[in-house]
1. Quick one: net charge of A:Ile10's neighbours, Cβ under 12 Å, K/R +1, D/E -1?
2. Hey, with R₀ at 60 Å, roughly what FRET efficiency would B:Asn51 and B:Glu418 work out to, going by the Cβ-Cβ distance, to 0.05?
3. Excluding A:Arg91 itself, what net charge comes from residues whose Cβ is under 12 Å from its Cβ, given Lys and Arg +1 and Asp and Glu -1?
4. Measure nothing but the geometry: give the 0 to 90° angle between the long axis through the Cα atoms of A:97-107 and the longest principal axis through the Cα atoms of chain A, rounded to 10°.
5. Taking the Cα atoms of chain A alone, what are Rg (to one decimal) and Dmax (as a whole number) in Å?
6. Rounded to the nearest whole Å³, what is the per residue volume of the convex hull around the Cα atoms of segment A:90-133?
7. Give me the dipole magnitude in Debye, nearest 20, for segment B:351-454 about the Cα centre, with unit charges on the beta carbon: positive for Lys and Arg, negative for Asp and Glu.
8. Using θ = phi - 60° and the Karplus relation 6.51 cos²θ - 1.76 cosθ + 1.60, list the HN-Hα couplings for segment A:124-136 in order, rounded to whole Hz, with x at every Gly or Pro.
Amino acid sequence: MSYAYLFKYIIIGDTGVGKSCLLLQFTDKRFQPVHDLTIGVEFGARMITIDNKPIKLQIWDTAGQESFRSITRSYYRGAAGALLVYDITRRETFNHLASWLEDARQHANANMTIMLIGNKCDLAHRRAVSTEEGEQFAKEHGLIFMEASAKTAQNVEEAFISTAATIYKKIQEGVFDVSNESYGIKVGYGGIPGPSGGRDGSVSQAGGCCN
Amino acid sequence: MQETELHDLSDDADYAASQQHGSASITRSDSSKRSSSSEPEGAEIVYLKDNVTIHPTQFASERISGRLKLIKQGPSLFMTWIPYKGQNSNAKLSERDRNLYTIRAVPFTDVRSIRRHTPTLGWQYIIVVLSSGLAFPPLYFYNGGVREFLATVKQHVFLVRSAEDANVFLVNDFQDRLQRTLSSLELPRAVSVANGTPTSISVSESPNGNQERTDEGFYDGSSSTSQYNGRQKQKLHDPARDPLIHVLEKFSLVTKFARETTSQLFRESHGDGFSANGRRIHNQSSLDYPRKASDEPQKVPDEIPQKVPDEIPVPSDPCEKTSCRNQNHGEEAATNVGSFELIDCKEFGKLTVWGKPRLPPLGLEEWATFLDSEGRVMDSKALRKRIFYGGVEHRLRKEIWAFLLGYHSYDSTYAEREYRGSLKKSEYETVKHQWQSITPDQAKRFTKFRERKGLIEKDVVRTDRSLSFYDGDDNSNVNLLRDILLTYSFYNFDLGYCQGMSDLLSPILFVMKDESESFWCFVALMERLGPNFNRDQNGMHSQLFAISKLVELLDSPLHNYFKQNDSLNYFFCFRWVLIQFKREFEYEKTMRLWEVLWTHYLSEHLHLYVCVAILKRYRNKIMGEQMDFDTLLKFINELSGHIDLDAILKDAEALCICAGENGAASIPPGTPPSLPIENGSLYPQQDDDDVL
Ligand SMILES: Nc1nc2c(ncn2[C@@H]2O[C@H](COP(=O)(O)OP(=O)(O)O)[C@@H](O)[C@H]2O)c(=O)[nH]1
Ligand SMILES: [Mg+2]
């Protein structure tokens, strides 16, 4: 299937907050509580539509443990969007957000759109971080914010899609030079050529890979 | 594979005979294959020659004679070579050896070239090189008939003489659509074949003085079996009977590197002799054929981009420009290890290296022959060698892994091991008790403990839960994983727990079943792999660095490619190295790979050569499709489950031997699994939290 744009996303946050479950819920529309923990990085992809344009999201799901930070940092390169995830039932995962954000700011491009997700909101009875605190943090750091549940699928679509919508809007506003792939955006068929004009081969590229 | 079925020649009398002979254990898949096969429609023998012989070793007594045939079936032509049964007086040659070398039915669409050799003394022989880069051993025509053979081939397939070497015949079957596609893809190269500059190395037509070395090589064909007890030999599962093992795999893959490097080694160590004979020695040929698409494992699924290279010329696999120039190590490797055959096949001026065929896993009876009456392993080197080439049967793993990992010493007796086991068990209980006795109140004030415990509990429920051994709610084996990991994090408090450890422990517990034994085996493994999990990742970095050095040594164009694409950090090999390929193979294959790696037989660092072997296998795809770091990472990730373990092990073996001392020198001292060099704190501490 061809796409107008391809956006690279990266999912970051402490281990166990539900990054892989969010990805699976988004790509496969299912919740699988038993799966293997992530070593290194894993990939997912899905087509969405924004403004009637097919957009392919290529999503990088990372390992969360501190030891792996140095390698995780190399994955930020060229990401257009990031989902920064914490677990509303575990306070420490919220406390670590600042350090994740610092990594992202340092290693990603400045225009990367970051979505803060308070996951596992189905476990409201075990909540350790209030919605207001999440909102407050997002506001302070200029992030989009949502609480979501990979289990019930609540807000999962919305989180991924509104991130894409924000990126799309930035493209429309000319924030990116989309011909420069370091922004994590590839132009496919029907996409707006970047300021420097369309790139040769983008059409066939779009047709070539749709996994 | 369709092809195999289509060309199954089980009706062939010789084939049938060779099948009946030997062991009775015909695998289930084999029998199903046989039953489904039928007389190939319109198969016709267009050429038949008796007394065509291979020389697996330099001993005349070990030569294997057989019948060579060309068979026409529909538009396709096949070649078979079936050794005679029961004729050889030499007992050293088992039926198994014979089967191993049998060429069942190779379609000419898989053949790249045939080289004819006409030594001044001795028999004419040919070397058939497959498009995969693999070559069969030289076929000596004791009764003549090479010319007739070539003429017959030419009648049925498109055969052209190489413009630069009249003894090389290039095969291209234009009847075959796949082949046609490949041929058209190779057009630029085909052109270079036609008017290529005459740069091929003309190494020799086997000067007689070197005959032993060149034609018959160093191949220690008997050494793989000489380890066996003679009476067991016949009972071994014969890999040649396993239809899953493609005929192409019966001889290890010949990487171009191996050919060229060996040629380099060979040339340097024998160069004088050759020049004295007035033979010209040229530099690197420009005729290297990048691997064809057909070179990829056929199982590669759709998810893996199968894009055809956009006509991007891929730098050929090296070449004498690699620093494999050590004069001696080629010979040494060949003789010490006894697993390679150097053959002056002049395949575009290159020599051919064959790794040893993989063996069936070590079985119970054969294992017994390694033990003395009190249970000591008499020759641990021989044992490790045996396991290196075939692994062990699953039921023996519990016993043998304890040796391989170093939990038990090879020279211990049954009684000593039992006694030690009981001591170790109470030692384990002592350490375990340390965390078990932490009261809830104490835990409240012990953040590090709570964090560790929390992390381990989160991870053990995400480890191999799809295996029945670990599945289901409240699985007791999952609880064992937790207890062992938590105990380990107290036993080695400095290192603690890090993700990936549960992946390493899982197969150990699956094999050992026993909690204390699993713990101690895991401890032994972590003695070597602990640095993988250091907070500063120094163990990982030194291994990734070593891989980059090895690739630089063994495939400099690929190295340059990674360099240009800002990929020299080799992070795409991270998961491979961190957990010893655990996520790249199915469970059983992982266990097989691990026991091979743990033999430390050729090198402690075989796993690094495995990395290089995999990368080299896909080098043309990587470079041809101009993969950038992201694409590469994704591509490598998705190779998981599609890597042919046996083929890769053979490649890794070949690479390890070819790299020789230069390879060893590329690996910094103390690189895991080598033991750390300096004493003091093994696991440097940092002040910040354990977990984020
Ligand atoms: N109740 C609930 N559990 C979740 C949710 N998302 C993930 N989990 C659980 O949290 C565990 C860790 O999730 P995982 O996706 O592996 O975390 P990751 O390390 O961030 O990738 C899983 O075993 C899930 O059972 C959620 O939205 N609700
Ligand atoms: Mg994960």
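Each value in this text was obtained by applying a stated rule to the coordinates, not by laboratory testing. None of these values were measured; they are calculated from a predicted model. Cβ placement follows ideal geometry from the backbone for every residue including glycine, while neighbour counts extend to all protein chains displayed.
1. Values: positive: A:Lys8, A:Lys19, A:Arg73, A:Arg77; negative: A:Glu42, A:Asp61, A:Asp103, B:Asp630.
Around A:Ile10, the surrounding residues sum to 0.
2. Details: r = 57 Å, r/R0 = 0.96.
E between B:Asn51 and B:Glu418, to the nearest 0.05, is 0.55.
3. Values: positive: A:Arg90, A:Arg126, A:Arg127; negative: A:Asp14, A:Asp87, A:Glu92, A:Glu133.
Local net charge: -1.
4. The helix A:97-107 is inclined about 20 degrees to chain A.
5. 16.6, 54
6. Details: hull volume 3.4 nm³, N = 44.
Spread over its residues, the Cα hull of segment A:90-133 gives 77 Å³ apiece.
7. Working: 21 positive and 14 negative charges, 157 e Å.
Using only the charged Cβ atoms, the result is roughly 760 debye.
8. Values per residue, Gly and Pro as x: 4, 5, 10, 4, 10, 10, 6, 4, 4, 4, x, 4, 4 Hz.
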